[in-house]
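Asker: Have a look at this one before I ask anything.
The values are calculated or read from the model by the stated rules, or taken from the named source; none is laboratory data. Small disclaimer: the values here were computed from a predicted structure and weren't measured. We place every Cβ from the backbone using ideal geometry, glycine too, and count neighbours over all the protein chains shown.
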């Protein structure tokens with residue numbers, strides 16, 4: 001079974017189409033009978049018609065242009081830039097009143113699984129009679145600028161909210177192979193439980209971007225997350 | 001906060017009291033104001049009265065004697081031997097009609113957490129539209145005879161039952177430091193999620209044995225698991 | 001700097017040209033101005049002239065044909081099939097009297113590094129006053145048939161020869177992402193030293209195959225290893 | 001064979017005798033027929049005679065007192081405090097003109113092995129024709145104040161000196177079980193080689209401290225390292 005077997009023909013726009021993630025999305029879209037109707041490159045945007053949905057895989061510097069385009073053309077947005085500032089995330093919420101928006105700082109299904117596992121652990125350890133401590137470590141290649149990653153910060157925030165106690169450390173390493181590792185370790189007396197999500201191929205993220213795009217075009221305006229996308233996909237009768 | 005702060009004085013019997021795990025249980029019991037009223041050694045059982053509960057941390061060769069003692073003296077049993085044969089596990093169920101029995105092939109809290117996480121992952125992946133594969137790897141020092149471990153086999157069985165599909169491999173390594181590693185890896189396209197439970201100190205298991213013993217003496221006859229012990233502990237108002 | 005910058009135009013033959021490794025070698029050869037003059041596929045060999053060197057990346061079932069071809073046409077051979085039987089390895093030695101042969105059950109540079117590190121550790125621990133134990137673990141995807149891998153067996157054999165004492169265990173796991181992991185762990189009292197070689201992209205092996213081919217065409221008849229290739233490359237003035 | 005079988009009766013002084021490492025050294029010394037003639041505690045030093053050698057396992061705040069004592073009493077020093085300032089390390093060199101001094105920011109044999117392996121890798125990669133990058137990651141429990149650890153900084157410095165190029169990152173995580181992990185990763189195109197040293201029991205360091213003390217009392221004045229201790233031990237006929 002092809003992972004994309006449920007993707008119906010779709011006209012997408014990809015901002016950052018020449019970048020590491022964007023070029024994977026373009027390649028995967030072509031393999032799955034999607035049309036890339038808009039390619040946002042650093043110098044210019046090349047368009048052959050209005051797309052059904054925009055996937056933003058560029059940098060936060062393109063954010064204003066992306067927002068303006070989606071607002072004016074009423075095009076839904078999968079926002080995959082992970083380094084947005086808090087004000088920019090608020091602007092996403094505003095856009096979500098007009099069109100569908102998926103805020104997706106991490107697109108991969110593995111991250112969805114890791115987040116679900118984190119919830120299980122945090123709920124079990126909340127008010128537990130035994131002592132525990134939690135640390136988070138993330139690794140990305142040297143070209144990644146922000147540290148720690150948005151994904152690591154989100155894992156730490158969820159852990160704190162759900163377990164009732166903050167993590168001891170959120171550490172970042174810059175080096176190694178593409179793409180990324182995120183590791184959460186719970187330490188008890190004389191034992192540890194570690195949950196590690198490793199991505200070695202950007203196709204994992206590109207596949208999530210297309211799933212989000214496909215899902216979003218059927219939804220009313222609103223601000224959504226990848227959890228909404230993946231939970232909804234799971235609930236389909238033909239799952 | 002001491003991890004054993006809720007342990008009220010208890011009279012325990014420890015079978016295999018001279019072994020790796022048994023001697024840790026005896027030591028931890030003493031530190032927590034429990035009396036060790038019976039010590040089962042290879043040559044003889046030394047007793048200073050009938051204990052409130054027996055913890056069996058010996059080998060399957062002692063099983064018949066342990067069963068006979070608990071049955072005749074009506075003493076509840078925490079059965080921690082991991083290499084029991086299927087018939088022996090049936091005998092535990094029979095004993096459970098007369099007294100309380102916890103069948104505990106793995107005593108540690110970390111294993112409880114790993115098992116709960118496995119359930120979360122298996123349920124998310126059941127009928128998932130994406131491809132996946134699951135493998136289990138366990139490591140114990142060279143003196144461990146059976147391979148793979150009872151814990152690894154149980155993880156594999158639960159995975160198969162709950163996800164609807166069996167694991168690809170259950171591999172065992174014999175070597176390295178005490179005590180054990182159990183690692184479950186879910187592989188998706190271009191990414192993995194790994195859940196690893198590492199024990200470095202046998203106190204993790206000894207602590208579980210005492211918690212099970214303390215819990216069991218308040219329960220009616222029945223066959224219980226460590227999940228019952230840990231879930232119940234969590235539900236206590238002062239948990 | 002391109003890793004292949006020193007590759008001069010070369011006419012290669014690739015046996016198993018349609019397989020996982022073979023197709024990577026063909027692709028990398030094209031990117032580096034090599035001509036693929038012979039493609040050995042399962043059904044037939046397609047040739048456009050005699051190559052300067054053959055790279056065998058197929059199965060042991062093709063071995064007789066490969067050997068016969070190299071012998072008759074006097075073409076040097078990079079033999080990358082890892083599952084050869086002892087008699088087949090002897091036949092390689094015989095061929096090595098007529099033409100250059102690199103026996104390369106593992107082509108990657110990382111394996112060369114891991115092997116060198118193993119020698120350092122084994123020599124330090126030979127006759128050491130402290131106790132130690134060594135284990136080897138390897139992982140390959142589920143389609144890998146032989147277990148443990150030829151590389152793991154070679155690491156174990158070298159460890160035994162150089163340290164004076166055999167390894168405790170050589171374990172294999174089948175599952176996970178392409179390509180492979182090989183992990184050697186030395187356990188001391190209360191501490192471990194682990195050396196892990198992970199390959200995530202078959203290009204690592206393909207690159208080694210081309211380096212071996214390039215090197216081999218300048219050498220007299222003989223039976224060589226990848227150590228010869230990599231050590232020699234290091235000694236070049238412009239290395 | 002006991003790892004300490006070669007230790008002849010020795011009168012040692014332990015500064016920081018009540019600390020995590022110091023108390024392990026005291027315990028191990030007793031098990032090996034050494035006399036602890038001086039115990040340096042936070043409040044006072046308790047002495048029953050001048051020791052043959054001092055092991056300093058305290059904090060840098062005690063450094064002046066330790067130095068003065070060794071100088072006045074002409075007692076050799078194993079200096080195991082890892083957070084010394086550069087000026088303090090210079091003072092060690094000065095003391096080394098009068099008595100034997102082992103500067104031992106890391107006492108364990110596993111660190112000695114890891115350092116030797118690092119040299120092997122750095123020499124192989126110096127001027128290598130392939131691209132590479134090196135990162136170092138260390139982990140210590142939350143109570144460790146300085147980050148990164150002295151050991152990680154030393155590994156990075158040696159790597160830079162011996163390979164001709166600096167490491168990309170030296171990252172630190174604070175959390176997890178005692179005692180420590182130090183991990184060096186070399187990344188090549190599509191593959192990695194990782195060398196990890198994990199310590200789970202402070203006895204590994206305590207054992208190194210006693211070996212250094214035993215070795216030092218036979219040596220002339222000078223400033224030595226743990227490499228000197230371990231290399232020399234290896235060269236003994238009955239090594």
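Let's see how each residue does on (1) touching a strand residue (DSSP E or B) at 6+ places or on another chain (Cβ under 9 Å); (2) modelled with pLDDT under 95:
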| position | (1), (2) |
| --- | --- |
| C:22 | yes, no |
| C:38 | yes, no |
| C:43 | no, yes |
| C:58 | yes, no |
| C:68 | no, no |
| C:89 | yes, no |
| C:107 | yes, no |
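Asker: Still on this model: Taking segment C:131-144 on its own, how many of its residues are under 15 Å from residue B:133 (Cα atoms) and either buried (at least 23 other Cβ atoms within 10 Å of the Cβ) or touching a helix residue (DSSP H, G or I) at 6+ places or on another chain (Cβ under 8 Å) (or both)?
Answerer: The number of residues fulfilling the criteria is 2.
Asker: Testing residue B:218 on (1) touching a residue at least 60 places away in the same chain (Cβ under 8 Å); (2) under 14 Å from residue B:78 (Cβ atoms); (3) assigned to a loop (DSSP other than H, G, I, E, B), one condition comes back false. Which one is that?
Answerer: Condition not satisfied by residue B:218: (1).
Asker: If I filter segment D:3-12 for residues that are without any contact (Cβ under 8 Å) to a residue 12 or more places away in the chain, outside any helix (DSSP H, G or I) and at negative phi, do I get at least one hit? Explain how you work it out, then say what you get.
Answerer: As a first pass, look at segment D:3-12 and keep what is without any contact (Cβ under 8 Å) to a residue 12 or more places away in the chain: D:5.
So of that shortlist, the ones also outside any helix (DSSP H, G or I) come out as D:5.
This time we only want the ones that are at negative phi, so: D:5.
Yes; the residues of segment D:3-12 include at least one that is without any contact (Cβ under 8 Å) to a residue 12 or more places away in the chain, outside any helix (DSSP H, G or I) and at negative phi.
Asker: Further, regarding this structure: Could you please let me know if residue B:14 is buried (at least 23 other Cβ atoms within 10 Å of the Cβ), under 21 Å from residue B:101 (Cα atoms), touching a helix residue (DSSP H, G or I) at 6+ places or on another chain (Cβ under 9 Å) and modelled with pLDDT of 95 or more? Explain how you work it out, then say what you get.
Answerer: Working: buried (at least 23 other Cβ atoms within 10 Å of the Cβ): yes; under 21 Å from residue B:101 (Cα atoms): yes; touching a helix residue (DSSP H, G or I) at 6+ places or on another chain (Cβ under 9 Å): yes; modelled with pLDDT of 95 or more: yes.
When the stated conditions are applied, residue B:14 passes them.
Asker: Name the single residue, out of those in segment A:221-239 being at pLDDT 95 or above and outside any helix (DSSP H, G or I), that is nearest to residue B:125 (Cα to Cα).
Answerer: Checked segment A:221-239; the qualifying residue nearest to residue B:125 (Cα to Cα) is A:225.
Asker: Answer yes or no: is there a residue in segment D:118-130 that is in contact with a helix residue (DSSP H, G or I) (Cβ under 7 Å, 6 or more places away or on another chain) and farther than 27 Å from residue C:124 by Cβ.
Answerer: yes
Asker: Being within 22 Å of residue B:186 (Cα to Cα) and surrounded by fewer than 20 Cβ atoms within 10 Å (Cβ to Cβ) is the filter here; which residues of segment A:157-180 pass it?
Answerer: Across segment A:157-180, the qualifying residue is only A:178.
Asker: Which ones in segment D:193-215 are more than 30 Å from residue C:113 (Cβ to Cβ) and free of Cβ contacts under 8 Å to residues at least 12 places away in the same chain?
Answerer: none
Asker: Would you mind stating whether residue B:201 is within 8 Å of another protein chain (Cβ to nearest Cβ), surrounded by fewer than 23 Cβ atoms within 10 Å (Cβ to Cβ), touching a strand residue (DSSP E or B) at 6+ places or on another chain (Cβ under 9 Å) and farther than 30 Å from residue B:129 by Cα? Reasoning before the result, please.
Answerer: Working: within 8 Å of another protein chain (Cβ to nearest Cβ): yes; surrounded by fewer than 23 Cβ atoms within 10 Å (Cβ to Cβ): yes; touching a strand residue (DSSP E or B) at 6+ places or on another chain (Cβ under 9 Å): yes; farther than 30 Å from residue B:129 by Cα: yes.
Yes: the conditions hold for residue B:201.
Asker: Could I ask something else about it? Take segment D:67-91 and flag every residue that is over 23 Å from residue D:148 (Cβ atoms) and under 17 Å from the mean Cα position of the chain (by Cα).
Answerer: Within segment D:67-91, the first condition is being over 23 Å from residue D:148 (Cβ atoms), and the residues that meet it are D:67-78, D:91.
Across segment D:67-91, the qualifying residues are D:76, D:77, D:78.
Asker: Given the residues A:66, A:101, which is the only one that is assigned to a helix (DSSP H, G or I) and farther than 21 Å from residue A:159 by Cβ? Lay out the reasoning, then the answer.
Answerer: Working: A:101 fails: assigned to a helix (DSSP H, G or I).
None of the others qualify; the one that does is A:66.
Asker: Tell me which residues, restricted to segment B:41-57, are farther than 12 Å from residue B:77 by Cβ and in contact (Cβ under 8 Å) with a residue 24 or more places away in the chain. Don't jump to the end; show me each part of the working.
Answerer: First, the residues of segment B:41-57 that are farther than 12 Å from residue B:77 by Cβ: B:41-50.
Passing the criteria: B:41, B:42, B:45, B:47, B:49, B:50.
Asker: Residue B:129: within 11 Å of another protein chain (Cβ to nearest Cβ) and closer than 30 Å to residue D:197 by Cβ, yes or no?
Answerer: Answer is no for this residue.
Asker: Could you list all residues from segment A:35-57 that are assigned to a loop (DSSP other than H, G, I, E, B) and touching a helix residue (DSSP H, G or I) at 6+ places or on another chain (Cβ under 7 Å)? Spell out the reasoning first.
Answerer: From segment A:35-57, those assigned to a loop (DSSP other than H, G, I, E, B) are A:41-44, A:48-52, A:57; that's our starting set.
Residues satisfying the conditions are A:50, A:57.
Asker: When you check residue D:28 against the structure, is it within 14 Å of chain C (Cβ to nearest Cβ) and surrounded by 19 or more Cβ atoms within 10 Å (Cβ to Cβ), yes or no? Can you show your working first?
Answerer: Working: within 14 Å of chain C (Cβ to nearest Cβ): yes; surrounded by 19 or more Cβ atoms within 10 Å (Cβ to Cβ): yes.
Considered against the rule, which asks whether it is within 14 Å of chain C (Cβ to nearest Cβ) and surrounded by 19 or more Cβ atoms within 10 Å (Cβ to Cβ), residue D:28 comes out as yes.
Asker: Among residues belonging to segment C:204-220 that are touching a strand residue (DSSP E or B) at 6+ places or on another chain (Cβ under 6 Å) and more than 10 Å from chain D (Cβ to nearest Cβ), point out the one that is farthest from residue C:141 (Cα to Cα). Before the answer, list the steps.
Answerer: Looking only at segment C:204-220, we keep the residues that are touching a strand residue (DSSP E or B) at 6+ places or on another chain (Cβ under 6 Å), and these are C:204, C:209, C:212-213, C:216-217, C:219.
Subset that is more than 10 Å from chain D (Cβ to nearest Cβ): C:209, C:212-213, C:216-217, C:219.
Numbers: C:209: 21, C:212: 26, C:213: 27, C:216: 31, C:217: 33, C:219: 35 Å.
So the residue we want is C:219.
Asker: Something else about it: So which of A:119, A:113, A:124 is surrounded by fewer than 18 Cβ atoms within 10 Å (Cβ to Cβ) and either at the interface with another protein chain (Cβ under 8 Å from one of its Cβ atoms) or free of Cβ contacts under 8 Å to residues at least 60 places away in the same chain (or both)?
Answerer: Numbers: A:113 fails: surrounded by fewer than 18 Cβ atoms within 10 Å (Cβ to Cβ); A:124 fails: surrounded by fewer than 18 Cβ atoms within 10 Å (Cβ to Cβ).
Result: A:119 is the single residue among A:119, A:113, A:124 that is surrounded by fewer than 18 Cβ atoms within 10 Å (Cβ to Cβ) and either at the interface with another protein chain (Cβ under 8 Å from one of its Cβ atoms) or free of Cβ contacts under 8 Å to residues at least 60 places away in the same chain (or both).
Asker: Any idea which residue in segment D:221-239 is nearest to the chain's Cα centre (by Cα), counting only those that are crowded, with 23+ Cβ neighbours inside 10 Å and more than 9 Å from chain C (Cβ to nearest Cβ)?
Answerer: From segment D:221-239, those crowded, with 23+ Cβ neighbours inside 10 Å are D:226, D:229-230; that's our starting set.
Narrowing further to those that are more than 9 Å from chain C (Cβ to nearest Cβ): D:226, D:229.
Numbers: D:226: 6, D:229: 11 Å.
If we take residues in segment D:221-239 being crowded, with 23+ Cβ neighbours inside 10 Å and more than 9 Å from chain C (Cβ to nearest Cβ), then D:226 is nearest to the chain's Cα centre (by Cα).
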